[in-house]
Amino acid sequence: MRVGERMPELIGESAWLNGRIDKRYLLGKPSIIHFWSVSCGSCKRSMEQFNQLRDRYADQLEIVSVHMPRSDKDLDIDLVKKTVRDLGMTQSVLIDNDHAVTDEFRNRNVPSYYLFDHEGKLYHVQSGDRGMRLLERKIERLL
């Protein structure tokens, strides 16, 4: 996805954890679509900081995490559920075993963060271990 493009629909999921959210719910305030995988060490290492960011902006920002499997082992929904609990992920988690949402976003990396404005237009995207500082600065500018 490129900056300025509209948020794709969040459909084609294998399951939802912590409540289902659709695109209409996300419109009206900024949101982050966060791609991660249970087999991603960087995802696990950055989750505590991401959870802190989630909590800091809970009243101003919506977050959906998309589990993007990278191997056959990652397709185990029970493993995803356990990892979500272990990592303290309280936001809605879309399990994307068929890569339907992943493909709509044209996403290939985990972790990846897509920050959308209140109209659902992509404002910022970042991937990898660049940390939460850049993402937080972009959130602050957007708010």
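The values are calculated or read from the model by the stated rules, or taken from the named source; none is laboratory data. Predicted model only: the values in this text are computed from it and were never measured. A quick note on method: Cβ atoms are made from the backbone with ideal geometry, for glycine too, and the neighbour counts reach across all protein chains shown.
In table form, for the structure just shown:
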| read-out | value |
| --- | --- |
| Filter result (in contact with a Leu (Cβ under 8 Å, 6 or more places away or on another chain) and of a type in the set (Lys, Arg)) within the stretch 119-142 | Lys138 |
| Qualifying residue in the stretch 18-29 (condition: without any contact (Cβ under 8 Å) to a residue 40 or more places away in the chain and of a type in the set (Asp, Glu)) | yes |
| Counted residues, the stretch 39-57 - those being polar (S, T, N, Q) and farther than 13 Å from Arg133 by Cβ | 3 |
| Any hit, the stretch 121-129, residues being under 15 Å from the mean Cα position of the chain (by Cα), at pLDDT below 95 and over 22 Å from Arg6 (Cα atoms) | yes |
